[in-house]
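Okay, structure first, notes after.
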Amino acid sequence: MNKFASIVLTAAALSLTAPAAFAADAKRNDRLYDATGSSVAKVNRVADDGDILVIYKGKVRRIQAETLSKTDGKLITTLTKKELRRLK
């Protein structure tokens with residue numbers, strides 16, 4: 001295998017693990033905020049795939065890693081509280 005092929009394979013592997021790499025930014029007991037900036041809940045668990053689990057309105061909700069970001073040290077989801085209530 002030549003050097004170029006190994007670089008391409010490494011780049012492809014990194015792109016596949018990007019959501020899981022973000023999971024390192026979310027930690028248990030981090031406060032989660034919704035799209036409007038309102039506090040939602042504390043992170044109960046961070047899954048291996050980067051999704052987080054929170055208890056919201058008495059139910060465990062799984063929030064996909066793709067909706068999460070960190071802004072000014074806050075963990076924010078692009079979902080609103082109404083959308084969070086529909087999650088399972």
Taking K and R as +1 and D and E as -1, what net charge do the other residues with C-beta under 12 Å from the C-beta of Lys81 add up to?
+3
5 angstrom amide H check on Thr80, placed H, neighbours 5+ away
Ala35
Gain on full stretching of the segment that runs from Gln64 to Lys27 - 0.36 nm per residue minus C-alpha separation:
11.9 nm
Hey, rough spin-label estimate for Lys88 and Ala47, points 7 angstrom out along Cα→Cβ, what's it come to in nanometres?
1.3
Cross-link partners among aspartates and glutamates for Lys88, C-alpha distance below 14 Å, same-chain residues fewer than 8 apart left out?
Asp51
Mean separation of Cα contacts under 8 Å (at least 6 apart) over the residue count of region 41-88, i.e. the relative contact order in percent, is 27
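Between Lys57 and Ala35, what is 0.36 nm times their sequence separation minus the Cα-Cα distance? Round to one decimal in nm.
Fully extending the segment from Lys57 to Ala35 adds 6.2 nm.
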If Lys and Arg each add +1 and Asp and Glu each add -1, what is the summed charge of the other residues whose beta carbon sits under 11 Å from the beta carbon of Asp51?
0
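Since every read-out is calculated from the coordinates, none of them should be taken as a lab result. Predicted model, so just to flag it, every value in this text is computed and none were measured. As a convention, Cβ positions derive from the backbone with ideal geometry for all residues, glycine included, and neighbour counts pool all protein chains shown.
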